[in-house]
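The values are calculated or read from the model by the stated rules, or taken from the named source; none is laboratory data. Note that the coordinates shown come from a computational prediction; the quantities given were computed from them, not determined experimentally. No Cβ is skipped: glycine too gets one built from the backbone with ideal geometry, and neighbour counts run over all protein chains shown.
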Amino acid sequence: MRRLALSSAIFRTLANELSDFAGDYLERLPQLPSYPSEISGQQTEHLFGGDIPLEGMGAAAFDSLRSVFEHSRPASPRFVGYVFGSGEPVGALGDFAESVLHQNATAWRSAPAAVTIERTVIRWLASAVGCREFR
Amino acid sequence: MQWDAGSLDDLRLAHLLADSIDSEPRLERLAPVALSAVCFRYVEGGGDLNALNRAILNKVVRRGHVYISNAMIHDKFALRACIVNHHSTEDDVRSVIGEVLSSADELR
């Protein structure tokens, strides 16, 4: 196996762990502080500013995931800073599935389902803002 | 909840926040609330209000109860709450005012 590739078994293990991690986080999200306490630029630089890894990291690439979440501004119900997407958990699952499919949605021949779905969603959005004739 | 009901509820909460600001003499609203954004500032005590409100913004964010942002409106530094989160409740939105006033008290 090439060093950058994950085995199917490790992928399944990681995906299950990440799923549980995400579920736990989403359950705690409404009660979390709206900003990480005592966070500083030096701290995040120290944690995440390391050198490029020249060897494939495998599952270890996820070792700092908890720290990444702890040093992030949560999408809390008390976040009223900027316009953002809904952040609904189902959207995260959709992103996951989309990344697994990994399409180039530039032409129907390249991404038959995705191109059709994209046009469908644009039609839905147009309809939602009153442009019902959009095709 | 349907998506359009969620959007309408966000607009209701934005107006609720605007009304609460208008009835609080220590705060001044800086723009009409046409959609989701509510821009205002703390005015009691006078002085360099831009510097004061910049400090208030930093304090509010660091206190970790609500996260708001900012805008410049006719050279006035505005605190900005943008209500587009369908998980936000009336209490969440009202807490913006309490956090701004408490932060100002800490700075004064």
Would you be able to tell me the number of residues in the stretch B:1-40 that are over 12 Å from the mean Cα position of the chain (by Cα) and within 18 Å of residue B:85 (Cβ to Cβ)? 13
Is the stretch B:45-63 home to any residue that is acidic (Asp, Glu) and surrounded by 14 or more Cβ atoms within 10 Å (Cβ to Cβ)? no
Subset of the stretch B:54-73 [of a type in the set (Gly, Ala, Ser) and out of contact with any Gly (no Cβ under 8 Å at 6 or more places or on another chain)]: B:55, B:64, B:71
If I ask for residues that are touching a helix residue (DSSP H, G or I) at 6+ places or on another chain (Cβ under 7 Å) and among the β-branched types (Val, Ile, Thr), which ones from the stretch A:40-84 would you list? A:80
Could you run through the stretch A:10-39 and say how many residues are charged (D, E, K, R) and touching a residue at least 40 places away in the same chain (Cβ under 8 Å)? 1
Quick one: which of A:111, A:75 is more than 14 Å from every other protein chain (Cβ to nearest Cβ) and on the phi < 0 side of the Ramachandran plot? A:111
I'm checking my understanding of the structure. Among residues of the stretch B:81-98 that are touching a Ser or Thr at 6+ places or on another chain (Cβ under 7 Å) and at the interface with another protein chain (Cβ under 8 Å from one of its Cβ atoms), which one is farthest from residue B:19 (Cα to Cα)? B:86
Would it be correct to say that residue B:46 is modelled with pLDDT under 95 and closer than 20 Å to residue B:101 by Cβ? yes
For the stretch B:48-80, the count of residues that are in a helix (DSSP H, G or I), under 22 Å from residue B:13 (Cα atoms) and facing another protein chain (nearest Cβ under 7 Å) equals 1
Please find, among B:35, B:17, the residue that is within 11 Å of chain A (Cβ to nearest Cβ), farther than 27 Å from residue A:39 by Cβ and either assigned to a helix (DSSP H, G or I) or in contact (Cβ under 8 Å) with a residue 12 or more places away in the chain (or both). B:35
Search result, residues across the stretch A:45-87 that are outside any helix (DSSP H, G or I), more than 17 Å from the chain's Cα centre (by Cα) and free of Cβ contacts under 8 Å to residues at least 24 places away in the same chain: A:49, A:50, A:51, A:52, A:53, A:54, A:57, A:80, A:81, A:82, A:83
Can you find a residue that is surrounded by 14 or more Cβ atoms within 10 Å (Cβ to Cβ), in a loop (DSSP other than H, G, I, E, B) and under 20 Å from the mean Cα position of the chain (by Cα) anywhere in the stretch A:109-121? no
Which residues, counting only those in the stretch A:39-93, are acidic (Asp, Glu) and either surrounded by 11 or more Cβ atoms within 10 Å (Cβ to Cβ) or under 20 Å from residue A:28 (Cα atoms) (or both)? A:70, A:88
